[in-house]
Each structure stands twice: as C-alpha cells, then as structure tokens.
Amino acid sequence: MPAPSLQKVAVISGGSSGIGLACARVLLAQGYRIALLARDPDRLREAATSIGSDAEARVDLVPVDVTDAAACQAAITGIASRHGRIDWLITSAGIVEPGLFHDLDLSAHRAQMETNYFGTLHLIQAAVPVMRGHGGRITLVSSGAAFIGIAGYSGYAPGKFAVRALAEILRLELAEDGITVSFVAPPDTETPQLVGERPKRPLVTRLVSEQGGTMTALQVAERMIAQAETGAFFLAPSRTMAWLAQFHSLYRPVLAWQQRRILKRNRINDPKS
C-alpha cells in the first residue's frame, strides 16, 4: 500500500444519486476525496458531471455491484492502493420493492436483503482492515423501517432491521480499532428511488410512511454528516425520526392498531385484495 495521502478519503456506495450523491457533495465541500460506488457506469459519470468540473478531479468513479462480495473487496482494495487510506465509509446503496406479503415473490425478498444488508456487510468487511489502525468512520444508511413493522415492507424492513443490529454490534467491536460506527434512519427522502417506489406502495404503506414527513437528499446528508462528526451513534435527520428512535417500543402497538384498521377497511372495500 502506498504512503497515505494527506487528503482524507470517503467511500460512498449508492453514490450515483440520492443520499449517497448528496453526501459526496457535502464531504467534497469539506475537502475530502470521494470514491463513488454504484452499479451503472453511465449514471456514475452523470453524477460526476452534476457535481461540477471543480470537484471532478477529486472524485473516483468505481462501478461495483454491492451484492458481489468479491467485487466489493476488489473495489476497496483498488481505492486503498491508490490513496493509502479510507477515512469514511458510507453505505448508502439500497433498493425497495413494496408490496403486501402475498403479492411478493421470493426473488423480491432475496434481492432486497442481498442489496440492503449483504451489500452493506460486504463493503464493511472489505474496508475495516484498511481503516484499522488509523481509525475513521463507518456510517450505515438504514431507514425508519428499522424500528417498527410497516405493512407492505416485508421484503424491505427485515434488511433494514438487520443493518441497525449490525451497526449496534460494530459500534462496540470496532471502537478498539479507532473506528466510530453510526447509523442513520432517514424519513421518506426525495430521490429517484422514492419516485419509483411511490406508485407501488399499498395504501397502508403509503399512509404510514407519510406520517414521517419528507426531506431532500441534501437535507438528510447535511444533518447526518454533522451529527456523525460529533461521534453520535444514531443519526436522526428529522425530529420525527429522533422521536421514533426513542419511543418506537411504546408507539409500536398504536401503529399496529392503525395498520390493522386500514388493512381491514381495504379488504372490505376490495374483496379481491
């Protein structure tokens, strides 16, 4: 490995759009060099162009499918070989396919778990050996769905619950390596993924999700990065998410009652559902 660069390096998955790209903008403004990871090379190039010519020289574009452990290892090894360090890993890659359980194929469950949980795990496993010794930060992007069961998210929420559990454990285990672990639970965030998801949401999912409000990707990125820099574990971009993190166990029976009412009413109005 070469001598570490003097410039801090941040690796961001899901970097071609949404929260990942917004995080890149914020960290670039702080002087970081950025490695953007995403599956589609064309979208990565469009993302780099959108950042602006002044910043492009400090952005590495790394096409990688996070569900492929070997590809993640190769990507991290390549970044470490070029720059000699990784100071911040943000795992923002994720997918969502909402639908009531009886409408979802097994393949939909598997794809979401592979990307949302294992895609996160693959990158962390590859990056920790590079970060051990000089420390740094790892921020796992989860969801409000990591705290409470939401009908219509049987394929999505389990992976986000798992990301939250992984973050809690790594916070403990990696502290001795000087690595600060945090996780963020954004509310609905205006991203291309949300635009594609909204029309597919069952009624109950839409009504519950709307309770959390909506933020822009830049708002989420600015707040999560500012909170992570304080050393906080849970990063709450909004007051609603902060409240949910604190009181989800008390709110769970109330939300379950609300959802049962919506589901029952929907079955009565649509006997085929």
I'd like the accessible area for Lys8: 1.4 Å probe, protein heavy atoms, all chains in place, Å² to the nearest 10.
100
For Ile179, what accessible area in Å² do you get when you roll a 1.4 Å probe over the heavy atoms of the protein chains, rounding to the nearest 10?
0
Taking a virtual spin label 7 Å from the Cα of Arg260 along the C-beta vector, which residues in the stretch 136-161 bring their backbone nitrogen under 11 Å of it?
none
The answer for the stretch 30-78, accessible area per residue at 1.4 Å probe in Å², is 49
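So, in the chain, how many Lys pairs have Cα atoms under 25 Å apart, if the pair is 8 or more places apart or on different chains?
Working: Lys160/Lys200; Lys200/Lys264; Lys200/Lys272; Lys264/Lys272.
Lysine pair count for the chain: 4.
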For the stretch 1-135, take the convex hull of the Cα atoms, compute a quarter of its surface area, and give me that in nm², please.
8.6
Convex hull (Cα only) mean projected area of the stretch 42-198, reported in nm² to one decimal
10.1
Scattering from the C-alpha atoms of the stretch 147-258 alone, worked out with Debye: what is log10 I(q)/I(0) at q = 0.13, 0.16, 0.18, 0.24 1/Å?
-0.55, -0.83, -1.03, -1.52
Report the net charge of residues surrounding His122, where surrounding means a beta-carbon distance below 11 angstrom and charges are Lys +1, Arg +1, Asp -1, Glu -1.
-3
Carbon/sulfur fraction of accessible area - the stretch 167-232, other protein chains in place, 1.4 Å, %:
53
Taking the simple approach of a point 7 Å from Cα along Cα-to-Cβ for both Arg252 and Asp177, what is their distance in nm?
3.0
Accessible area per residue, Å², the stretch 118-273 with all protein chains present, probe 1.4 Å:
48
How big is the accessible area of Met241 in square angstrom, nearest 10, if you roll a 1.4 angstrom probe over the protein chains?
10
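Could you work out what % of the accessible surface of the stretch 30-124 is carbon and sulfur, using a 1.4 angstrom probe and leaving DNA, RNA and ligands out of the count? Please list the in-between numbers first.
On the way: 2160 of 4270 Å².
C and S atoms contribute 51 percent here.
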Rounded to the nearest 0.05, FRET efficiency between Arg132 and Lys200 (Cβ-Cβ, R0 51 Å) equals 0.80
Within the stretch 139-246, DSSP-loop GluC sites (Glu not before Pro) with at most 14 other C-beta atoms within 10 Å are Glu229
Which one is right for this structure if Rg and Dmax of the Cα atoms in Å is calculated from it: [x] 22.0, 75; [y] 20.4, 67; [z] 18.8, 67?
[z]
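The values are calculated or read from the model by the stated rules, or taken from the named source; none is laboratory data. None of these values were measured; they are calculated from a predicted model. In this analysis, Cβ positions are derived from the backbone assuming ideal geometry, glycine residues included, and neighbour counts consider all displayed protein chains. Note: accessible area is taken over every heavy atom of the protein model, side chains too, but ligands, DNA and RNA are not part of it. Shrake-Rupley method; radii C 1.70, N 1.55, O 1.52, S 1.80 Å.
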